[in-house]
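Just below is one structure, and these are the notes that go with it.
The values are calculated or read from the model by the stated rules, or taken from the named source; none is laboratory data. Note that the structure is a prediction, hence the values are computed from the model and not measured. The area values use the complete protein model at the heavy-atom level, side chains included, leaving out ligands, DNA and RNA. Shrake-Rupley method; radii C 1.70, N 1.55, O 1.52, S 1.80 Å.
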Amino acid sequence: METTSRADVQDAESTPGVPGEDVAAAGQGMPAAVRRTVDGYLMAAFPWYGLDEAFAGPRWLMQVGAAADGTVEHGATGHGEEPSLKVETTAESRAKQRFAVVVTVASRPVRRSADGTGMLEATSVSSAAWLAGSGLLSCTWPSQMERALRQDWLDQQTAIAWELADDLGGSAWSQLTLPVDGVPTDFHYRESEYGWVLAGSAREGVHVGAYGRGMSAYGLGFSVVKDITTYA
């Protein structure tokens, strides 16, 4: 992973395993106006995943992540109630929010960076787990906390999220089997006080991660988004 950052939460930092973008999934290589529109999604050379047709609630776009040359590498689709990061949103109201976000990460081998000066690590299920874990943090950071303490909290929790994503075989994860395009698929799954995170691989050359709160992960299913414009 190259340089990553949390939009509106934390400055950019260097993170191994996901091609250079935003932990909240906003691509540094794309204009800001594109990040929350369907245009960025349409530029991807891989299929997007979301919850399957069994989910009848609201669907919305998040952001895409792009490499330095503008190649879309990952992004996320939202389902349910869109989380609010407004300062006036209370912890109690946040805890009642019900949402699930699906992260799609292009499967990439080890490759040269866009400027040809180095090599990028291959993406993996750990990449999807990292983006999902970081995405959950971006929805739960304590806005009422004093700024300096909030930064310490984010640093600590981000380090934990990375360590967990890098150790999918560890005791923090359990196995959960969910349908992906109708096929039972094994995921790495964990819960925390902030919500749940899972990660696995699909058959379409992508890795799939997800995170959420207020919606049980056990009843979810994933499928290729046939028309991403329906999320716009």
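For the pair S174 and L149, the difference between a 0.36 nm per residue extended length and the Cα-Cα distance amounts to 5.9 nm. Cα centroids of the stretch 196-215 and the stretch 36-86: 13 Å apart. Length available on full extension from D227 to R203: 0.36 nm per residue minus the Cα-Cα distance, which gives 6.8 nm. Accessible surface of T37, taken over heavy atoms with a 1.4 Å probe and every protein chain present, rounds to 50 Å².
Rolling a 1.4 Å probe over the protein heavy atoms of the stretch 154-232, with every protein chain left in place, gives an accessible area that is 48 percent carbon and sulfur.
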